[in-house]
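Since every read-out is calculated from the coordinates, none of them should be taken as a lab result. Here the structure is a predicted model, which means the values were calculated and not measured. As a convention, Cβ positions derive from the backbone with ideal geometry for all residues, glycine included, and neighbour counts pool all protein chains shown.
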Amino acid sequence: MTGDEHERLMRANRANWDARTPVHVASRFYGLDRELDPARWFAPFEWEDLGDLAGRDVLHLQCHLGTETLAFAQRGARAVGLDFSAASVTAARDIAARAGLDVTYEQANVYDAVAALGHRRFDVVYTGKGALCYLPDLARWADVVARLLRPGGRLYVVEFHPLLNALGPKPAPGDGPELLLRHDYLGGRGPVHRDATYTYTDGPAVQGATDSYEWMHGMDEVVNVLIEAGLTVRRLRESDELPWPRWPQMVRTPSGWWRLAEPRIPLLYGLLALR
């Protein structure tokens, strides 16, 4: 697939996220109708790997509403969020202002982040939880990340495990709660077109652009593009918990997150890499 075709599909995604934004702002999923708790989106192991963020320059790529970006500011970081959706950036700025937190948000495609951020360097670049699947060229992403990091800086990726993306309920209704391997675990077949009329939140139908395109990226691809970009992978974790119940049969854990009662399988992974 050509670069021009990638650009066309990413423009469709941007239009979809612009249309999603008012639905997400109004939904209960993000909890914007009550006291904000940005830390609820983080697993304990994330803070262990990220370390002390006070006084650090932290960049959150593909930040959407910036609900996670706020947690970095709460921990004393100079936090910056970047997203390609103008509607998301506008909403994120409003949410941060209402929370009384000093966060800078910029609108740009992640591939244009270096120029959009004035060639600024960061101590930490953070991304994930449904971000990488919207990037057609992961090697190009890794190169951008390397250019955004100061020497000694760290990238932290927390993403949905490829196994999670491969699972789905039985296609016929009334067949029980079993999950099946219904989708590709490995990528490489090109973009997957999805109807995003309804999103992962509890909100109503999206009005307007509902076409969405995703690219599947295996963990091997993520690791290898980072190594090829000159980063050193220091830690890889797999977790059986998610911050929300993806399927009805999931149970609440002591951490407040959710997992499958059985079997115990990875649903999320965390990767730490250093420049």
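Evaluated with a Cβ-only charge set (Lys, Arg +1; Asp, Glu -1), the chain carries a dipole of roughly 440 debye about its Cα centre, given to the nearest 20.
Which one of His193, Leu167, Ala131 is farthest out on the positive end of the charge dipole of region 120-204, using unit charges on Cβ (Lys, Arg +1; Asp, Glu -1) and the Cα centre as origin? Positive-end residue among those listed: Ala131.
List the trypsin sites (Lys or Arg not before Pro) within region 1-74 that DSSP assigns to loop and that have no more than 14 neighbouring Cβ atoms inside 10 Å. Passing sites in region 1-74 are Arg28, Arg34. When the charge dipole of region 3-274 is built from unit charges on Cβ atoms (+1 for Lys and Arg, -1 for Asp and Glu) and taken about the Cα centre, the candidate among Ala97, Leu65, Ile227 whose Cα reaches farthest toward its positive end is Ala97. Here the contact order of region 3-274, divided by its residue count and restricted to Cα pairs under 8 Å and six or more residues apart, works out to 19 percent. Just so you know, the Cα atoms of region 3-274 work out to an Rg and Dmax of 18.0, 55 Å.
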